[in-house]
Amino acid sequence: MFEGFAHVWTPVVLASKLRTAPLAVEVAGTKLALFRDGRGGVGAVMDRCPHRGAALSLGHVTNEGCVACPFHGWEFDAGGACTHVPFNPGAKRDLLRTVAVPARELGGLVWIYTAPGRDAPTEPSPPEGLVRAGLRRTYTQRDWSTHWTRAMENMLDSPHVPFVHRATIGRDQSRRMTRDTAMVMRWIPADHGGRIAMTFDDRPEVELLEFHRPNIMVLKIPIPGKVFRMHAVCVPVAPRRTRMIVVGARDFARLPLLDVFFGRTNDRILGEDQAVLESSDPPEVPPPGDERSVPSDAPTLAFRKYYFEALRDSHA
Ligand code: FES
Ligand SMILES: [Fe+2]
């Protein structure tokens, strides 16, 4: 289970997508059924009934907050225990469990811990912009046809901005840069992963980007006296599929009407990245020695090192 992405907390889907019916979600090649447990919590179980293999996500959620299989109606709670087997009152239900993984709802997202079991050794620790009170947030989600590692590196990669985004967020930089412009990137290790300091030409150094293990980028857009952040989560779905979740957070222009504007801007920028990313070959980032790199690639190489050391060979 969770090949190459085990034993980590990750957001998997916008919480707003999880309503009264179970929701099918694939994470790192593992199919899960998510559901609300009726007590304010979220359940996540293998989307494969232990009886005859039907997808539990095609079933329904009972009044008790269990997921009921669409085939013969077996019911399972958020811990994976079998709570009801129709027509078989004497069934040894403790032998009929399914596999659950820990799940939480936090910051408008559903998170799972990528290992089977009732308990996780830690709790998720989201970037504070996802959970701080008083911020207005916008949420976008879309799927890309690429491996999540290419998407994650793109989010930590500043030198692409004046090229891929020359019509939007990179316009200013693409006009100012010359063929002699030097961009200097510094990777600063942090408890959550790392911070990226950047300067080019004679500009003062700025720290705008953060990496939060295993798969979250935070961009702190500098507006004096204001909070304006973008969070991008690259969720591994399958070897060539990544779910991009983008959460904007701001403490100004709070009118809900303006969410449409902020949402559209995010969509446009993501669209600019998508075409280039989906063309990257191979889809999964290779070992650093297999591609040519330069000093301004320091942050993406730091991510690649973490990926190869901690995640790529992991399984649960
Ligand atoms: S397949 Fe799920 S109850 Fe039979
Ligand atoms: Fe980009």
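Contact map, the range 49-78: first residue of a type in the set (S, T, N, Q), second residue away from ligand 2 (no atom under 16 Å from the Cβ) and assigned to a loop (DSSP other than H, G, I, E, B), Cβ cut-off under 7 Å, separation 6 or more or different chains; pairs are Ser57/Pro22; Ser57/Asp47.
Mind counting the residues in the range 74-96 that are part of a loop (DSSP other than H, G, I, E, B) and surrounded by fewer than 16 Cβ atoms within 10 Å (Cβ to Cβ)?
If we filter the range 74-96 for residues that are part of a loop (DSSP other than H, G, I, E, B), which is where we start, we get 74, 77-81, 85-92, 96.
Within this subset, residues satisfying the condition of being surrounded by fewer than 16 Cβ atoms within 10 Å (Cβ to Cβ) are 86-92.
Number of matching residues: 7.
Looking only at residues in the range 147-182 that are within 15 Å of ligand 2 (Cβ to nearest atom) and aliphatic (A, V, I, L, M), the one that is modelled with the lowest pLDDT is Ile169. Would you point out the residue of the range 145-183, among those that are closer than 21 Å to Val246 by Cα and among the acidic types (Asp, Glu), that is surrounded by the fewest Cβ atoms within 10 Å (Cβ to Cβ)? The qualifying residue surrounded by the fewest Cβ atoms within 10 Å (Cβ to Cβ) is Asp157.
Conditions (1) within 19 Å of the chain's Cα centre (by Cα); (2) closer than 20 Å to Thr138 by Cα; (3) among the aromatic types (Phe, Trp, Tyr); (4) at pLDDT 95 or above, marked per residue:
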position	(1), (2), (3), (4)
Cys234	yes, yes, no, yes
Val237	yes, no, no, yes
Phe262	no, yes, yes, no
Gly289	no, no, no, no
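Looking only at the range 291-307, count how many residues are aliphatic (A, V, I, L, M) and either within 21 Å of the chain's Cα centre (by Cα) or not assigned by TED's automatic domain parsing to the domain that holds Arg166 (or both).
Selection size over the range 291-307: 2.
Residues Val233, Val247, Val276: which one is in a helix (DSSP H, G or I) and of a type outside the set (Phe, Trp, Tyr)? Walk me through how you get there before you give the answer.
On the way: Val233 fails: in a helix (DSSP H, G or I); Val247 fails: in a helix (DSSP H, G or I).
So the residue among Val233, Val247, Val276 that is in a helix (DSSP H, G or I) and of a type outside the set (Phe, Trp, Tyr) is Val276.
On the stretch given as the range 48-69, residues that are within 11 Å of ligand 1 (Cβ to nearest atom) and either crowded, with 16+ Cβ neighbours inside 10 Å or not in a loop (DSSP other than H, G, I, E, B) (or both) total 11. Contact map, the range 291-316: first residue under 17 Å from Arg150 (Cα atoms), second residue buried (at least 19 other Cβ atoms within 10 Å of the Cβ) and among the β-branched types (Val, Ile, Thr), Cβ cut-off under 6 Å, separation 6 or more or different chains; pairs are Pro299/Ile196; Arg304/Val285; Tyr307/Thr149. Would you call Arg186 crowded, with 19+ Cβ neighbours inside 10 Å and in contact (Cβ under 8 Å) with a residue 40 or more places away in the chain? No, not satisfied.
Any residue in the range 155-165 that is of a type outside the set (D, E, K, R) and within 16 Å of the chain's Cα centre (by Cα)? Checked against the condition, which is being of a type outside the set (D, E, K, R) and within 16 Å of the chain's Cα centre (by Cα), the range 155-165 yields at least one hit.
Hey, does the range 252-271 have a residue that's surrounded by 15 or more Cβ atoms within 10 Å (Cβ to Cβ) and of a type in the set (Phe, Trp, Tyr)? Yes - at least one qualifying residue is present in the range 252-271.
The values are calculated or read from the model by the stated rules, or taken from the named source; none is laboratory data. All of these numbers come straight from a predicted model, not from anything done at the bench. Neighbour counts run over all protein chains shown; Cβ positions are idealised from the backbone, glycine included.
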